[in-house]
Amino acid sequence: MGIYNEFIERGLIAQATDEEAVAKLLENEKVTFYIGFDPTADSLHVGHFMQMMIMARMQRAGHRPIALFGGGTGMIGDPSGKSDMRKMLTKETIAHNIDCFRKQMSKFIDTSDGKALFLNNGDWLLDLNYIDFMREVGVHFSVNRMLTAECYKKRLETGLTFLEFNYMLMQSYDFYKLNQDYGCKLEFGGDDQWSNIIGGVELIRRKAGKEAYGMTFQLLTNSEGKKMGKTEKGAVWLDPEKTSPYDFFQYWRNVGDADVVKCLKMLTFVPMDQIREYEKAEGSALNAAKETLAFELTKLVHGESEAQKALDAARALFSAQGDAEHMPTTELSADDFTDGRITLIDMMVKAKLTASKGEARRLIQQNGVTFKGETVSDIAASFTVADFSEDAVVRKGKKVFHRFTVK
């Protein structure tokens, strides 16, 4: 099966500038393609993960990925899908974030012998002369047409700055530059990038007289249409210091029944024959699919050893088997105890199980918290050091578990 048909079978493709031409190109050539990543944080997150899997699938099929880091575009910020202007980042912060992206992406993409390229658009965008750029690139863009683009509609309601308005021109120029210097014929992106991608395709046609193509992929959303990769604590990061391997595993283990098969198709290399068997499952039988999803993704991001630890810890919560040692743990010290006791509320806040004491109080009042398997309904509940000798696990709701120890 060709890579284009695999994308279709896994429900990945949203739209393409010319579906027939893209399918033929991927079937008949070893194609250089690119995906852009603006370095807005010092770690990649789940939202980036699908794009990296696209690159990995393409590379396995013999094509050459370019991961383009936005050392230039990151100075502006993409307005796509944003109701407010992005926070302005310094050059130093952007450079640091790109270094972090490079290290994380190296786990998924093989750059040896030129099989893939990691490039920085700051290398050409930061040195552009503005007048020359406007004469060379800006002349090919219609303001009237740009204002109808989806990526600007939201921002027009709240105020679109001229700084952000330039973003489409810069991303389009990136595609043109990669086409000229590296023979890049195809740009991929999330479906929110459609307008920017079309801009690049048309710029190449007008300036170079060449055909180039764009294809977007479905955004990773749940059955309710909300973007996946967010928790009460914020984004689900690929950096283990920001989201532990156990929490990463648990996020995927707890996806909704309606989402697990879609996530297996879009985010893993699990064979479609196996996924089709999971499609037949219902109710508790879907737990095996969720476990496979969580294990496979944790293995891809953090390695098989960490995935196995997370699996063992998760199983230990529901059976007498397994190893609870790798459950998220907070170590309490003597300073945390007042007159030899610590309240459950203080424990939850310290472990960041809740954002505030008020939230912890409400959860306890709603019988949503257990300690050592027993529901705690007293908001004044407190414990001594002796209570932490063994199995001192707090459960919040049905699915969040946290262990406490004392130095």
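The values are calculated or read from the model by the stated rules, or taken from the named source; none is laboratory data. In this text the structure is predicted, and so the values were computed from the model without any measurement. Methodologically, a virtual Cβ is constructed for each residue, glycine included, from the backbone with ideal geometry; neighbour enumeration extends over all protein chains shown.
Do we have any residue at all in region 245-256 that's under 28 Å from Leu119 (Cα atoms) and either outside any strand (DSSP E or B) or among the β-branched types (Val, Ile, Thr) (or both)?
Step one: filter region 245-256 for residues under 28 Å from Leu119 (Cα atoms), giving none.
No, region 245-256 contains no residue that is under 28 Å from Leu119 (Cα atoms) and either outside any strand (DSSP E or B) or among the β-branched types (Val, Ile, Thr) (or both).
What residue, among those in region 106-121 that are small (Gly, Ala, Ser) and either touching a Gly at 6+ places or on another chain (Cβ under 9 Å) or in a loop (DSSP other than H, G, I, E, B) (or both), is modelled with the lowest pLDDT? So that I can check it myself, show each step before the final result.
First, pick out the residues of region 106-121 that are small (Gly, Ala, Ser): 106, 112, 114, 116.
Next cut, either touching a Gly at 6+ places or on another chain (Cβ under 9 Å) or in a loop (DSSP other than H, G, I, E, B) (or both) only: 106, 116.
On the way: Ser106: 93, Ala116: 97.
The selected residue is Ser106.
Quick grid of which residues meet (1) surrounded by 22 or more Cβ atoms within 10 Å (Cβ to Cβ); (2) assigned by TED's automatic domain parsing to the domain that holds Asp113; (3) not in a helix (DSSP H, G or I):
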residue: Lys24; (1), (2), (3): no, yes, no
residue: Ile35; (1), (2), (3): no, yes, yes
residue: Ser43; (1), (2), (3): no, yes, yes
residue: Gly47; (1), (2), (3): no, yes, no
residue: Met52; (1), (2), (3): yes, yes, no
residue: Gly62; (1), (2), (3): no, yes, yes
residue: Pro65; (1), (2), (3): yes, yes, yes
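For Lys103, are the conditions met, namely being in a loop (DSSP other than H, G, I, E, B) and either under 27 Å from the mean Cα position of the chain (by Cα) or farther than 14 Å from Thr73 by Cβ (or both)? Before you say what the answer is, go through the steps one by one.
Values: in a loop (DSSP other than H, G, I, E, B): no; either under 27 Å from the mean Cα position of the chain (by Cα) or farther than 14 Å from Thr73 by Cβ (or both): yes.
No, not satisfied.
In region 122-177, how many residues are polar (S, T, N, Q), in a helix (DSSP H, G or I) and at pLDDT below 80? Let's see the steps before the verdict.
Just the residues of region 122-177 that are polar (S, T, N, Q), to begin with: 129, 142, 144, 148, 158, 161, 166, 171-172.
Those left that are additionally in a helix (DSSP H, G or I): 144, 158, 171-172.
With at pLDDT below 80 added as a condition, the list becomes 144, 158.
Final tally of qualifying residues: 2.
Taking the condition of being of a type in the set (Ser, Thr, Tyr) and buried (at least 22 other Cβ atoms within 10 Å of the Cβ), how many residues in region 193-212 meet it?
Quick first cut of region 193-212, residues of a type in the set (Ser, Thr, Tyr) only: 195.
Then keep just the ones that are buried (at least 22 other Cβ atoms within 10 Å of the Cβ); that gives none.
The qualifying residues number 0.
Among (1) touching a His at 6+ places or on another chain (Cβ under 7 Å); (2) farther than 18 Å from Lys352 by Cα; (3) of a type outside the set (S, T, N, Q), where does Glu224 come up short?
If we test Glu224 against (1) touching a His at 6+ places or on another chain (Cβ under 7 Å); (2) farther than 18 Å from Lys352 by Cα; (3) of a type outside the set (S, T, N, Q), just (1) comes out false.
List the residue pairs whose Cβ atoms are under 6 Å apart, where the first residue sits in region 219-239 and is more than 19 Å from Arg10 (Cβ to Cβ), the second is aromatic (Phe, Trp, Tyr), and the two are 6 or more positions apart or on different chains.
These pairs meet every condition: Val236/Tyr251.
Quick check on my filter: what residues within region 67-100 are within 16 Å of the chain's Cα centre (by Cα), surrounded by fewer than 22 Cβ atoms within 10 Å (Cβ to Cβ) and either at pLDDT 90 or above or among the hydrophobic types (A, V, I, L, M, F, W, C) (or both)?
Ile98, Cys100
Please state which of the following conditions Gln180 fails to meet, knowing it meets all the rest: (1) outside any loop (DSSP other than H, G, I, E, B); (2) out of contact with any Ser or Thr (no Cβ under 9 Å at 6 or more places or on another chain); (3) under 29 Å from Thr354 (Cα atoms).
Against the list (1) outside any loop (DSSP other than H, G, I, E, B); (2) out of contact with any Ser or Thr (no Cβ under 9 Å at 6 or more places or on another chain); (3) under 29 Å from Thr354 (Cα atoms), Gln180 comes up short only on (3).
Can you tell me which residues in region 347-398 are touching a residue at least 40 places away in the same chain (Cβ under 8 Å), surrounded by fewer than 17 Cβ atoms within 10 Å (Cβ to Cβ) and within 29 Å of the chain's Cα centre (by Cα)?
Scanning region 347-398 gives Lys352, Ala355.
Any residue in region 304-317 that is in contact with a strand residue (DSSP E or B) (Cβ under 6 Å, 6 or more places away or on another chain) and not in a helix (DSSP H, G or I)? Outline the logic, then answer.
To start, the set of residues in region 304-317 that are in contact with a strand residue (DSSP E or B) (Cβ under 6 Å, 6 or more places away or on another chain) comprises 317.
Filter once more, so that each one left must be not in a helix (DSSP H, G or I): 317.
Scanning region 304-317, I find at least one residue that is in contact with a strand residue (DSSP E or B) (Cβ under 6 Å, 6 or more places away or on another chain) and not in a helix (DSSP H, G or I), so the answer is yes.
Working only within region 351-392, note down all residues that are over 22 Å from Asp339 (Cα atoms) and in a strand (DSSP E or B).
Across region 351-392, the qualifying residues are Val369, Thr370, Glu374, Thr375.
Look through Glu282, Glu325 and report the one residue that is exposed (fewer than 15 other Cβ atoms within 10 Å of the Cβ), more than 19 Å from Ser244 (Cα to Cα) and modelled with pLDDT under 90. Give the derivation first.
Working: Glu325 fails: more than 19 Å from Ser244 (Cα to Cα).
Glu282 is the lone residue from the list that is exposed (fewer than 15 other Cβ atoms within 10 Å of the Cβ), more than 19 Å from Ser244 (Cα to Cα) and modelled with pLDDT under 90.
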